[in-house]
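First comes the structure, then the notes that go with it.
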Ligand code: ADP
């Protein structure tokens, strides 16, 4: 069974209370199934709808139309008291790690885990373990300003995996990293995926997509225009059109 299913999902943002403009949907009529254990890239130009799609899959946004299902359960219908349990199933890695500067790395991760309803004992065990996986156990007692930008990203990843989530949703994790650091991150994602975690990652990193050859979902104007196994950056397979097998999409 698929872990995440989108059924005819659209999301329209509000243009603001005084605006008469109706914004076009940021994502439009998306149907999608993601299986447990998959590694999926989400590609598309800036504004294509990648972040909106990730937030919908994470249950952060309620769709304007359609349904987002987690293991067959409609995320919009989950009662408030059960939300923390749902949150624990997700690890979220957004682009700019938001670390609290006057708290240690341990505390930064522990605070998020507490907010997700994890118990003290679980937190004490999980934080060093998660930091160990990303190679930063030594930073437990460090403060954010004492570590580098690449290490901050790894702390963000440690925070996301500390709850042992089933699904890791990642938005442009390598955007602000140098090449070597980006590859270190990618190795970590692969390792985490090998342990069974489903990974859904929006990215512009052409070389990473081309080398990993995972499933590639391509968005344009809020619609899925390509969905291929073993995909490459810039090539979409026309499931929806009979024109050609592969079409070049992004040009540098
Ligand atoms: P991407 O991640 O591919 O750059 P986004 O999902 O951020 O795309 O944005 C998709 C569309 O939705 C864009 O046209 C963007 O301007 C619009 N959008 C995103 N966030 C908001 C918002 N909070 N309010 C209004 N429009 C938004």
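FYI, it's all coordinate maths here, none of it is from the lab. Bear in mind the structure is a predicted one, so any value in this text is a computation, not a measurement. As a convention, Cβ positions derive from the backbone with ideal geometry for all residues, glycine included, and neighbour counts pool all protein chains shown.
Assorted remarks:
- Kirkwood Rh, Cα atoms: Rg over Rh of the stretch 90-195: 0.93
- Mean separation of Cα contacts under 8 Å, 6 or more apart, over the residue count of the chain: relative contact order %: 23
- Crossing angle, helix 179-194 versus the chain [Cα axis fit, 0-90 degrees, rounded to tens]: 90
- For the stretch 39-114, the convex hull spanned by the alpha carbon atoms encloses 143 Å³ per residue.
- Principal-axis tilt of helix 149-161 within the chain, Cα atoms, nearest 10 degrees: 90
- Distance between the stretch 121-196 and the stretch 104-119 - C-alpha centres, whole angstrom: 14
- Inter-site label distance for residue 230 and residue 122 at 7 Å from Cα along Cβ, in nm: 4.0
- Rounded to two decimals, the Cα-based Rg/Rh of the stretch 99-148, with Kirkwood Rh, is 0.96.
- Sequence ranges 1-12, 197-208, 135-146, ranked by mean other-Cβ count within 10 angstrom, highest first: 197-208, 1-12, 135-146
- Legend: P(r) of the chain from all alpha carbon pair distances, 5 Å bins from 0, whole percents, reading 1, 6, 13, 16, 18, 16, 13, 9, 5, 2, 1, 0.
- Relative contact order [Cα under 8 Å, 6+ residues apart], the stretch 75-151, whole percent: 36
- Multiplying the residue separation of residue 85 and residue 35 by 0.36 nm and removing their Cα-Cα distance gives an extension gain of 16.0 nm.
- Taking 0.36 nm per residue of sequence separation and removing the Cα-Cα distance, the residue 180/residue 140 pair yields an extension gain of 12.1 nm.
- Take 71-82, 26-37, 91-102 and order them by the average number of nearby Cβ atoms within 10 Å per residue, most first; the result is 26-37, 91-102, 71-82.
- Scattering curve values for the stretch 158-215, log₁₀ I(q)/I(0), Debye with Cα scatterers, q = 0.18, 0.22 Å⁻¹: -0.60, -0.91
- As a length-normalised measure over Cα pairs under 8 Å and 6 or more apart, the relative contact order of the stretch 118-197 settles at 30 percent.
- Rounded to whole Å, the principal axis extents of the Cα atoms in the stretch 1-130 read 48, 39, 31, largest first.
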